[in-house]
Amino acid sequence: VLKSKIHKALNKDILLKELFRLPTIKEQSEFLEYYEENVCTKIEIVEEKEYYEASSAQKRMYMLQGLDKDSIAYNILGGLDISGNLDINRLNETFTKLIRRHEVLRTSFYAKENKIVQKIHSAEEIKFETEKVEVQSEEEIKVKAKEFIKPFDLEKAPLLRVSVLSPEKDRHIMLFDMHHIISDGVSMSILAKEFSKLYAGEDLEELKVQYKDYSSWQLNKRNSEEYRNQEKYWLKEFSGELPVLNLPTDYTRQSIKEFSGDSVNFTLDKEITQKLRSIAKETGSTLHMVLLSSLNILLSKYSGQEDFIVGTPTAGRNHKDLENIIGMFVNTLAIRTNVDSKLSFKEYLKSVREKALSAYENQDYQFEELVDKVAVNRDLNRNPIFDVMFVLQNMEEAKVEIEDLTFNLYNFDINVEKFDITMTAVEEKYEINVNLNYATSLYKHETVESMVSHFLNIVKEIVRNTEVKLKDIEILSEDEKHKLLGEFNDTNAD
């Protein structure tokens, strides 16, 4: 975000590595004074047409949904617990205004002439109505919330639905469900922020561009020299045979990938969080790099492998004009590192830092295109390129505040997992809350609980001593060692 803001304001496209090398504003301003100008290209408004070519990310979403039209794996869900006198008619009007404002909320998708295209419908064509459901108990809320989630037909707009469950006169649970082809995590925050302003009767600043304009801009960038250089970087990074991470599983991998999932939640407390942030600061890295390194060590210990790939998402909003646009911008970076057991944690973190920075510098190259180029022999029971995803969320949560209404997040789980394992860390003010989601077709709950315990042991080891060699990091606690030793002795006695 800082990089794109500097580019927009000063016409100077500073390298990300330079921003990390120059951590203070004074150092950055002195460096930028002599930095060559590079005018930030404007996102042009495209002419009105019946269809527009879909963006790279939308094409991938369309193909993935097409593999199983009844899947809800790519639905994005949100929920708000609302206290107060909620006006349903006003709520309907607010969502109608949002649909009118954001073209992507009234877009459908088709395969046409060997291309995947998006069709934008007029606001008048869209029939949107909030579903209102009376419920009597918390148990019934959970049942109705589960029933609310349904597969989307990508050929029918809007790919958004809203339901309001009202257990009491002045309490309402608002659920909204969008398909990933038109939305991402940042989009959900934009939706919540704009919903609160429009419901309160405020006016919003007119949008400079729409998602179709971004699609065209992004697709045109593929012809640039910069994009071709980025492609060279990724093809070199993934030349030869791709390593497959073979973690031990409880169940045999099925021939076709399943999406059923469950999760284990845990917290890195105030003391550990503070120490992890200190390590990041001292090594010129980020919390994301420190946690990714820790996860990689766990995966290496479990698999016995040193060379493997972990995926991580990037917001993909590398232009100032995209800040308030709802849509699918997220790109995935496949980060390949070598967990050399002879290295210290600090040395390994340095290598992860370099790999991550290089990946960020080349993040405009779309993951979908990388998959097409390098993942030639694809197994239907695995994801292309990697099976483990790491996510760090540190974006500010959109505050929804309206008159006499009180809003709280309402969490509901759909028990879906797109990868073998996804670790999502949410950075709070003093703590880090972590969710380890896993494929129930591969793992038992107790296995993943052990995995969490072993990850915590790694983190505790590295905050104690960043010079510790990777081969010396223990994943077993003293209790687990004693238990294993006892079982070994009992077996020998038999």
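The values are calculated or read from the model by the stated rules, or taken from the named source; none is laboratory data. All values reported here derive from a predicted model rather than from experimental measurement. Ideal geometry is used to build each Cβ from the backbone, glycine not excepted, and the neighbour counts take in all protein chains shown. SASA here: full protein model, heavy atoms, side chains in, ligands and nucleic acids out. Shrake-Rupley method; radii C 1.70, N 1.55, O 1.52, S 1.80 Å.
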Which of (1) within 29 Å of Ala439 (Cα to Cα); (2) without any contact (Cβ under 8 Å) to a residue 60 or more places away in the chain does Ser187 not meet, given it meets every other one? (2)
When (1) at pLDDT below 95; (2) closer than 26 Å to Asp269 by Cα are applied to Val416, the one that fails is (2)
Pair list, Cβ under 9 Å, 6 or more apart: the range 416-431 residue over 19 Å from Asp379 (Cβ atoms), other residue open to solvent by 40 Å² or more (accessible area, probe 1.4 Å) and aromatic (Phe, Trp, Tyr): Val416/Phe259
In this structure, does Ser294 turn out to be in a loop (DSSP other than H, G, I, E, B), polar (S, T, N, Q) and open to solvent by less than 20 Å² (accessible area, probe 1.4 Å)? no
Could you tell me whether Tyr348 is among the aromatic types (Phe, Trp, Tyr) and surrounded by fewer than 20 Cβ atoms within 10 Å (Cβ to Cβ)? no
Would you please name the residue that is most open to solvent (accessible area, probe 1.4 Å), looking only at residues in the range 458-484 that are polar (S, T, N, Q) and more than 14 Å from Ser293 (Cα to Cα)? Asn465
Residues that are buried (at least 18 other Cβ atoms within 10 Å of the Cβ), at pLDDT 90 or above and not charged (D, E, K, R): does the range 16-30 have at least one? no
Among (1) open to solvent by 50 Å² or more (accessible area, probe 1.4 Å); (2) modelled with pLDDT under 95, the one test that Gln363 misses: (1)
Selection count, the range 425-457, where residues are in contact with a Leu (Cβ under 7 Å, 6 or more places away or on another chain), more than 22 Å from Leu349 (Cβ to Cβ) and open to solvent by 40 Å² or more (accessible area, probe 1.4 Å): 0
Going through the range 72-92 one residue at a time, which ones are open to solvent by less than 30 Å² (accessible area, probe 1.4 Å) and part of a loop (DSSP other than H, G, I, E, B)? Ala73, Tyr74, Gly84, Leu86
Can you tell me how many residues in the range 46-67 are assigned to a loop (DSSP other than H, G, I, E, B) and open to solvent by 70 Å² or more (accessible area, probe 1.4 Å)? 4
Of all residues in the range 375-395 being touching a Ser or Thr at 6+ places or on another chain (Cβ under 8 Å) and at pLDDT below 85, which is most open to solvent (accessible area, probe 1.4 Å)? Leu380
Candidates Lys132, Lys150, Lys156 - the one that is under 25 Å from Ala73 (Cβ atoms) and surrounded by 11 or more Cβ atoms within 10 Å (Cβ to Cβ): Lys150
Are there any strands (runs of 3 or more DSSP E) wholly within the range 388-458 with 3 or more residues that are within 17 Å of the chain's Cα centre (by Cα), and if so which? 388-393, 421-427, 432-439
Taking the criterion of being over 29 Å from Leu247 (Cα atoms), surrounded by 17 or more Cβ atoms within 10 Å (Cβ to Cβ) and out of contact with any Asp or Glu (no Cβ under 6 Å at 6 or more places or on another chain), would at least one residue in the range 297-317 satisfy it? yes
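This table checks each residue for (1) touching a residue at least 60 places away in the same chain (Cβ under 8 Å); (2) open to solvent by 80 Å² or more (accessible area, probe 1.4 Å); (3) under 24 Å from the mean Cα position of the chain (by Cα).
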position: Glu241; (1), (2), (3): no, yes, no
position: Thr252; (1), (2), (3): no, yes, no
position: Ser255; (1), (2), (3): yes, yes, no
position: Asp262; (1), (2), (3): yes, no, yes
Failed condition for Pro248, given (1) over 18 Å from the mean Cα position of the chain (by Cα); (2) outside any loop (DSSP other than H, G, I, E, B): (2)
Of all the strands (runs of 3 or more DSSP E) wholly in the range 122-208, which have at least 1 residues that are touching a Gly at 6+ places or on another chain (Cβ under 9 Å) and among the hydrophobic types (A, V, I, L, M, F, W, C)? 171-179
